[in-house]
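Only one structure is covered here, and it is reproduced in the block below.
The values are calculated or read from the model by the stated rules, or taken from the named source; none is laboratory data. Keep in mind that what you see is a predicted model, and the values were worked out from it rather than measured. Positions of Cβ are generated from backbone atoms using ideal geometry, with glycine treated the same way; all protein chains shown enter the neighbour counts. Accessible surface areas use protein heavy atoms only, side chains included; no ligands, DNA or RNA. Shrake-Rupley method; radii C 1.70, N 1.55, O 1.52, S 1.80 Å.
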Amino acid sequence: MFNKMKQACPKYDHKIRAIAGDCTLPSLGIGSSDRETLVENVNIVFHLAATVRFDEKMKTAMQINVKACRDILDLCYEMKHLKSVIYVSTAYTQCPQKEVEERFYEPPLDSKKMIALTDCVSDSMMENITPILLDKWPNTYTFTKAIAEDVVRQNSRGMPIGMFRPGIGKYQPILT
């Protein structure tokens, strides 16, 4: 994947710095110094972190798949040199549809309301109401990823953002 980069800049890896984050924590668990580094230096963001467990508890799936998506977009909004954000979703966010088009769909529930709900109710109550919330969605993964797409729609704030909905299968990136 980095062959083109190696040709253009043989020592590109000297410019890479890993920053630890955690989607289960508020603000991605990124400290202020690392956050400032990202704000000042990053211009392309790929957000593909998610819990892909189909039976994940709703609160955990909401934190990782929805709230972390919101937090990443908030961080991207602060980035001074942002050129592109790519959000990786899944084709299965729209599994109740017979055909999925390249557009935003109405979410199963408004993202802000769903975040507020998961913040307000106990773990046991959330588990009790999860089957009702899921409605036509088969699991918490597809449900929360559909809600995350609503987060992208509502929180993109004019950013240069694209969304990719892969299905199951092997993908070869096309590099030119």
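Here is a check on your reading of the model: is residue 147 of a type in the set (A, V, I, L, M, F, W, C) and within 27 Å of residue 42 (Cα to Cα)? Yes, satisfied.
The residues of segment 110-130 that are farther than 30 Å from residue 37 by Cα and under 17 Å from the mean Cα position of the chain (by Cα), listed by number, are 110, 114. Checking each residue of segment 16-23 against the condition of being within 15 Å of residue 148 (Cα to Cα) and touching a helix residue (DSSP H, G or I) at 6+ places or on another chain (Cβ under 7 Å) gives at least one match. Quick check, is residue 60 within 15 Å of residue 150 (Cβ to Cβ) and surrounded by 15 or more Cβ atoms within 10 Å (Cβ to Cβ)? No. Pairing residues of segment 30-46 that are under 27 Å from residue 164 (Cα atoms) with residues that are open to solvent by less than 40 Å² (accessible area, probe 1.4 Å), at Cβ distances under 6 Å and at least 6 apart in sequence or on separate chains, gives 39/79; 42/79; 43/82; 44/84; 45/76; 45/85.
Go over the candidates 20, 8 one by one and state the one that is in contact with a Gly (Cβ under 8 Å, 6 or more places away or on another chain) and free of Cβ contacts under 8 Å to residues at least 24 places away in the same chain.
20
Selection of segment 50-86 for residues being part of a loop (DSSP other than H, G, I, E, B) and touching a strand residue (DSSP E or B) at 6+ places or on another chain (Cβ under 9 Å) yields 50, 79, 82, 83.
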